[in-house]
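Student: Dumping the structure here so I can ask a few things about it.
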Protein chains: 2
Amino acid sequence: MKIEAEWMRGGTSKCWVFETENLNETRMDLDQLLPRLFGSPDSRQIDGVGGATSTTSKAMIVRRPSDPSVDVEFTFAQVGIEEATVDWGSNCGNCSAVVGLYAIEKGWVTPQGDVTRIVTRNTNTGQVIIQQVATPTGALPIVPDAQMPGVAFPGFKVGLGFQDPAGKTTGELLPTGAASDTVVADGKPWTVSMVDAGAPVVIVRAEDLGLNAVRYDAWKDVVEQHLDTLDSIRRQAAVRMGMATTPGQAARAVPKLAIAGPPSESDPHTDVNVMMLSMGKPHPALAITGSIALTLAARTPGTVLSVITGYTARPTLKLRTPAGVIETWSEEQQGSVLVGVDRTARTIATSIIHLPETLGNVVEASLETATR
Amino acid sequence: MKIEAEWMRGGTSKCWVFETENLNETRMDLDQLLPRLFGSPDSRQIDGVGGATSTTSKAMIVRRPSDPSVDVEFTFAQVGIEEATVDWGSNCGNCSAVVGLYAIEKGWVTPQGDVTRIVTRNTNTGQVIIQQVATPTGALPIVPDAQMPGVAFPGFKVGLGFQDPAGKTTGELLPTGAASDTVVADGKPWTVSMVDAGAPVVIVRAEDLGLNAVRYDAWKDVVEQHLDTLDSIRRQAAVRMGMATTPGQAARAVPKLAIAGPPSESDPHTDVNVMMLSMGKPHPALAITGSIALTLAARTPGTVLSVITGYTARPTLKLRTPAGVIETWSEEQQGSVLVGVDRTARTIATSIIHLPETLGNVVEASLETATR
């Protein structure tokens with residue numbers, strides 16, 4: 001048995017794109033099928049299409065929904081590497097960027113005007129993402145030429161607009177009801193903001209850690225000396241945001257924690273210096289979901305972030321991370337807030353993946369079950 | 001522009017297989033085309049089909065030659081990752097294992113009998129490799145089921161027989177004319193064998209380093225204390241084998257050096273304990289070319305290896321490496337020696353790779369040149 005798939009780059013990730021219909025034809029449980037197609041469990045994924053890293057072991061499953069207000073519905077699957085598992089718990093911002101391009105290339109959406117708007121909905125999170133694909137002459141450019149940081153080659157330009165991203169986890173942009181709160185950790189009070197947009201994030205002020213813009217390069221060293229205190233803040237925030245009943249029960253991955261401070265005066269390309277903690281460690285960049293949370297926090301009066309950036313209805317926000325400056329944009333449209341980032345995407349290969357041996361066996365078993 | 005390719009696993013490598021004709025149609029210089037298709041230069045190869053490791057950044061280019069005695073001719077390309085380069089200097093034993101399977105799957109060779117014999121010739125080295133693909137009912141099994149060490153999933157069984165591999169670099173199996181020689185290093189004499197088969201290799205006796213089978217696990221530590229001495233032996237061997245005019249001018253990669261000793265009496269699955277040095281460091285396993293050299297050395301009376309294994313016309317040789325036991329086989333047929341190893345191979349995906357933007361430009365330039 002063989003399965004059609006497109007191998008696409010979305011932002012800084014490589015993603016295998018499947019159509020729901022093609023996967024359904026296998027009559028296989030996706031939690032078994034996807035790991036085997038990717039070559040898992042195997043740290044090298046040498047017998048499958050996976051790339052043996054978290055950013056290259058990803059699948060997108062796409063379909064045209066019956067709901068006429070949505071052009072494409074998609075589900076993200078993070079495929080395990082050492083383990084034959086699939087994590088369906090979150091979306092991937094980078095892989096999201098392939099969905100609009102896929103719809104145009106497959107003729108699901110007809111390009112219109114200089115920028116073609118594709119309404120997509122992620123089923124892992126319920127998030128609607130309005131994708132804006134550059135189609136300068138009413139079509140995709142023959143030669144993709146948009147660049148983005150972290151990718152050596154150009155692609156097609158895709159704007160990802162997260163529609164009304166607030167409260168997807170907790171129901172509220174500000175789950176505590178306040179734009180800022182005080183948390184006590186390591187025997188002293190910390191002024192923080194807890195926001196839920198894209199992902200739940202607790203924002204800590206850099207100055208409370210003794211950090212300033214002049215020595216942004218040294219933030220990581222200082223932050224690493226305060227990891228216990230910061231995790232204590234994060235766990236207390238989990239409780240206040242209604243995501244855990246006790247600090248000890250807070251998940252390791254959410255909420256995330258961001259440290260934010262004003263930029264250096266000599267750094268005109270930055271609105272705010274940021275360092276994100278992910279799984280208890282300083283993150284070299286910023287997940288797209290985290291950048292959405294910070295952007296909405298900057299738009300919200302009274303948050304520690306809006307105090308840093310100065311509340312104005314700014315159309316863009318430039319966040320300095322260890323890996324470089326990330327620019328986000330936001331706008332209000334017909335009562336909705338759209339918060340977004342620009343990525344590039346490209347189709348690497350149109351493929352037919354050969355369904356290997358063990359699946360042949362499993363398929364037979366499924367058929368037996370189905371006809372029993 | 002788009003290029004057809006099969007993505008195949010051969011042994012412990014992943015290889016992209018192209019037909020010469022399809023590549024020629026691009027009118028592109030392969031030293032430019034392949035790196036771009038693979039996404040190089042980029043340590044992550046995120047915009048191409050490469051897997052960002054040396055064992056997953058490999059291409060095989062295959063064609064049906066006019067010479068009727070050869071079924072398939074193939075060229076191996078090691079595609080650079082951080083650099084946009086291609087190394088054409090050697091063959092890859094693992095990727096070689098895809099060639100016979102490819103010929104059967106494409107209908108170039110009709111399976112016959114339980115084992116189908118495909119005569120292949122590698123153009124990088126001039127080596128003829130007789131491939132024996134298991135076709136139990138006169139066809140490839142519907143479900144591939146052959147296992148091999150280092151690969152988590154089964155594939156089709158492929159025997160790789162290197163035909164008369166001796167002397168491909170220096171012209172002689174024993175370039176010095178002797179089965180064993182004495183080299184002086186670190187102030188004392190060493191009895192070594194210098195053989196050229198598959199690759200040029202100098203074989204050192206484990207006992208001369210104070211190593212024995214009882215403590216094979218500890219070989220690496222001891223070997224690492226003698227790297228300078230061993231490299232001195234290797235460089236002197238390069239001169240004696242006619243591969244360098246002075247020890248200082250010897251290449252880093254060739255000849256290779258192998259340390260060999262008798263197996264433990266409690267280890268019936270091993271004929272010889274081996275540790276290979278590659279680029280000056282202990283290798284965790286054994287390149288296929290190195291295993292060919294050792295196998296022919298074991299067949300040759302008077303080499304330090306044949307003294308260890310006891311010269312008999314044994315059909316198989318079991319070599320213990322840090323990564324496990326590797327079994328080779330050898331036979332004489334119609335005046336030819338065939339030395340081989342068994343691998344497994346499988347087609348992962350049938351693909352059309354999208355030729356990216358920069359190549360569009362380069363193609364135009366080539367066309368201009370061609371019509372000037």
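Where a number appears in this text, it was derived from the coordinates with a stated rule and is not lab data. Note that this is a predicted model, so its numbers are computed, not measured. Here Cβ is always computed from backbone atoms with ideal geometry, including for glycine, and neighbour counts include all displayed protein chains.
Student: Can you pull the one-decimal nm distance between simple spin-label points at A:D267 and B:N24, each 7 Å off the Cα toward Cβ?
Tutor: Distance between the two pseudo-spin positions: 5.7 nm.
Student: Would you grab the residues whose amide H sits under 5 Å from the one on A:T135? Only those 5+ places off in sequence or on another chain, please, with H modelled 1.01 Å from N.
Tutor: Under 5 Å from the amide H of A:T135: A:V115, A:T116.
Student: Additional query: Mind giving me the FRET efficiency for A:T245 and A:T191? R0 is 30 Å, r the Cβ-Cβ distance, nearest 0.05 is fine.
Tutor: Result of the calculation: an efficiency of 0.80.
Student: Please give the average number of partner chain Cβ atoms lying within 10 Å of the Cβ of each residue in B:149-156, rounded to a whole number. Walk me through the numbers on the way to the answer.
Tutor: Working: counts 0, 3, 5, 11, 11, 4, 3, 0.
Per residue, the average neighbour count from other chains is 5.
Student: Please identify, among A:T295, A:T309, A:T350, the residue showing maximal mean-square fluctuation in a Gaussian network model of chain A using a 10 angstrom Cα cutoff.
Tutor: Highest fluctuation of the listed residues: A:T350.
Student: Using r as the Cβ-Cβ distance of B:E207 and B:D145, and R0 as 45 Å, what FRET efficiency do you calculate, to the nearest 0.05? Could you put the intermediate results ahead of the total?
Tutor: On the way: r = 42 Å, r/R0 = 0.93.
Using R0 = 45 Å, I get an efficiency of 0.60.
Student: Expressed as a rounded percentage, what relative contact order does chain A have, with Cα pairs under 8 Å and six or more residues apart? Don't skip to the end; give the middle numbers.
Tutor: Numbers: 821 pairs, mean separation 66.6, N = 372.
Once normalised by length, the contact order is 18 percent.
Student: A further question on this structure: Would you pull out the residues with amide H under 5 Å of B:V109's amide H, same chain only if 5 or more places away, H placed 1.01 Å from N?
Tutor: B:I104
Student: What ratio of Cα Rg to 2.2 N^0.38 Å holds for the range A:181-329? Could the numbers behind the result be given before it?
Tutor: On the way: Rg = 14.1 Å, N = 149, 2.2 N^0.38 = 14.7 Å.
Rounded to two decimals, the normalised Rg is 0.95.
Student: Can you work out D for the range B:107-188 in µm² s⁻¹ from Stokes-Einstein, where Rh is the Kirkwood radius over C-alpha pairs, the temperature is 20 °C and the viscosity is 1.002 mPa s? Numbers along the way, then the final one.
Tutor: Values: Rh = 16.1 Å.
Reported coefficient: 133 µm²/s.
Student: Hey, what do the phi angles of the range B:165-181 turn into as Karplus ³J(HN,Hα) couplings, whole Hz, using 6.51/-1.76/1.60 and θ = phi - 60°, x for Gly and Pro?
Tutor: Going residue by residue, I get x, 5, x, 5, 9, 10, x, 9, 4, 10, x, 8, x, 10, 6, 9, 9 Hz, with x marking Gly and Pro.
Student: Which whole number gives the average count of other chain Cβ atoms within 10 Å of the Cβ atoms across peptide A:47-56? It would help to have the intermediate numbers written out before the result.
Tutor: Details: counts 11, 8, 5, 1, 9, 5, 5, 0, 2, 5.
For peptide A:47-56, the averaged partner shielding equals 5.
Student: Once amide H atoms are placed 1.01 Å from N in the peptide plane, what residues at a sequence separation of 5 or more from B:N124, or on another chain, have their amide H within under 5 Å of its amide H?
Tutor: Sorted by chain and number, the residues that satisfy this are B:F76.
Student: Can you pull the percent of Cα pairs in the protein assembly as shown with separation above 44 Å?
Tutor: On the way: 104612 of 276396 pairs.
Summing the P(r) tail past 44 Å for the protein assembly as shown gives 38 percent.
Student: Test of understanding: what is the full-extension gain from A:V214 to A:V325, defined as 0.36 nm times their sequence separation minus their Cα-Cα distance?
Tutor: Details: separation 111, 0.36 × 111 = 39.96 nm, distance 1.61 nm.
Result: 38.3 nm gained on full extension.
Student: If you keep only loop residues by DSSP, which trypsin sites (Lys or Arg not before Pro) in the range B:48-153 have at most 15 other Cβ atoms within 10 Å of their Cβ? Mind showing how you got there, number by number?
Tutor: Values: sites: B:K58, B:R63, B:K106, B:R117, B:R121; in loops: B:K106.
Sites meeting the loop and neighbour criteria: B:K106.
Student: Residue-wise, which Karplus ³J(HN,Hα) couplings in Hz belong to the range B:40-51, taking 6.51 cos²θ - 1.76 cosθ + 1.60, θ = phi - 60°, and x for glycine or proline?
Tutor: Computed from phi, the couplings for the range B:40-51 are 9, x, 4, 4, 9, 6, 6, 9, x, 8, x, x Hz.
Student: Fewest to most neighbouring Cβ within 10 Å: what's the order for A:V202, A:V151, B:V239? List each step's numbers first, then the result.
Tutor: Numbers: A:V202 27, A:V151 23, B:V239 15.
Fewest to most other Cβ atoms nearby, the residues stand as B:V239, A:V151, A:V202.
Student: How long, wide and thick is the range B:75-131, going by the Cα atoms along their three principal axes, in whole angstroms, largest first?
Tutor: Principal extents (Cα only, largest first): 45, 21, 16 Å.
Student: Karplus couplings for the range A:75-85 from phi (6.51 cos²θ - 1.76 cosθ + 1.60, θ = phi - 60°), rounded to Hz, Gly and Pro as x?
Tutor: So the J values, rounded to whole Hz, are 10, 9, 10, 8, 8, x, 10, 5, 10, 7, 9.
Student: Also, quick follow-up: Provide Rg and Dmax in Å for the range A:1-64, with only Cα atoms included in the calculation.
Tutor: Cα-based Rg and Dmax for the range A:1-64 come out at 11.5, 34 Å.
Student: Please compute the alpha carbon radius of gyration of chain B, then divide it by the globular-protein estimate 2.2 N^0.38 Å. Two decimals is fine. Kindly include the intermediate steps, with their values, before the conclusion.
Tutor: Numbers: Rg = 21.7 Å, N = 372, 2.2 N^0.38 = 20.9 Å.
Normalised Rg, Cα atoms only: 1.04.
Student: Are there trypsin sites (Lys or Arg not before Pro) in the range B:229-297 that DSSP puts in a loop and that have at most 14 other Cβ atoms within 10 Å, and which ones? Can you show the working numbers first?
Tutor: Numbers: sites: B:R234, B:R235, B:R240, B:R252, B:K256; in loops: B:R252.
Those satisfying the criteria are B:R252.
Student: Starting with the fewest neighbours, write out B:Y216, A:Y102 ranked by other beta-carbon atoms found within 10 Å of each beta-carbon.
Tutor: Numbers: B:Y216 21, A:Y102 24.
Ranked by crowding around the Cβ, least crowded first: B:Y216, A:Y102.
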